[in-house]
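Input: a single structure, listed below in structure tokens.
The values are calculated or read from the model by the stated rules, or taken from the named source; none is laboratory data. Remember, it's a predicted structure, so these values are computed and weren't measured experimentally. For neighbour counting, all protein chains shown are included, and Cβ atoms are generated from backbone atoms with ideal geometry for every residue, glycine included.
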Amino acid sequence: MRLRRAPQPAEEAPQSSAPPPGRAAVRRALPPPGQLRRERRSLLQLRERRLRDLGGLMVEMYRRDQFRQDLIVDRCTELATLEERLVELETLLAASASRGRIREAARCECGAPLFWGAKFCNQCGRAVSAT
Ligand SMILES: [Zn+2]
């Protein structure tokens, strides 16, 4: 694995979720759930890749005995942004499932938002119950 100065998020970034223009403008309409789910799926995949990359990067730095904090911070910043968008998507999907009534996305007992399909809490590592 080669170390690169900066991540290149554009290459793999999922397509923007902007709805196609031209449709009759419905004010504050939720994007179609299918579109939200597609974005969520690609973001979850991207997140998995980024987490693996980050792990690989750490091991590489350990091997070289040269920790580059700026690199780690860059990657973590990107991951945090990605996760923020995932939380947003969960909220939108929950809202569309309850037909517009805003409902909170699922949360772990520790208060951290849970991502769809997650088996463990991202923050505390608790196993997610199958409810
Ligand atoms: Zn938790």
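If I filter the range 8-25 for residues that are surrounded by 15 or more Cβ atoms within 10 Å (Cβ to Cβ), over 18 Å from N122 (Cβ atoms) and modelled with pLDDT under 95, do I get at least one hit? Looking for residues that are surrounded by 15 or more Cβ atoms within 10 Å (Cβ to Cβ), over 18 Å from N122 (Cβ atoms) and modelled with pLDDT under 95, one finds at least one in the range 8-25, hence yes.
Determine whether the range 56-71 contains at least one residue that is assigned to a loop (DSSP other than H, G, I, E, B) and among the polar types (S, T, N, Q). Within the range 56-71 (the criterion being assigned to a loop (DSSP other than H, G, I, E, B) and among the polar types (S, T, N, Q)), the answer is yes, since at least one residue qualifies.
Taking every residue in the range 108-131 that is touching a residue at least 12 places away in the same chain (Cβ under 8 Å) and pairing it with any residue that is more than 8 Å from the ligand (Cβ to nearest atom) and among the acidic types (D, E), at least 6 positions away or on another chain, the pairs with Cβ-Cβ distances below 9 Å are P113/E83; P113/E90; P113/E104; L114/E90; F115/E83; F115/E90; W116/E90; N122/E83. Residues of the range 73-131 that are more than 16 Å from the ligand (Cβ to nearest atom), of a type in the set (D, E, K, R) and either crowded, with 16+ Cβ neighbours inside 10 Å or modelled with pLDDT of 90 or more (or both): D74, R75, E78, E84, R85, E88.
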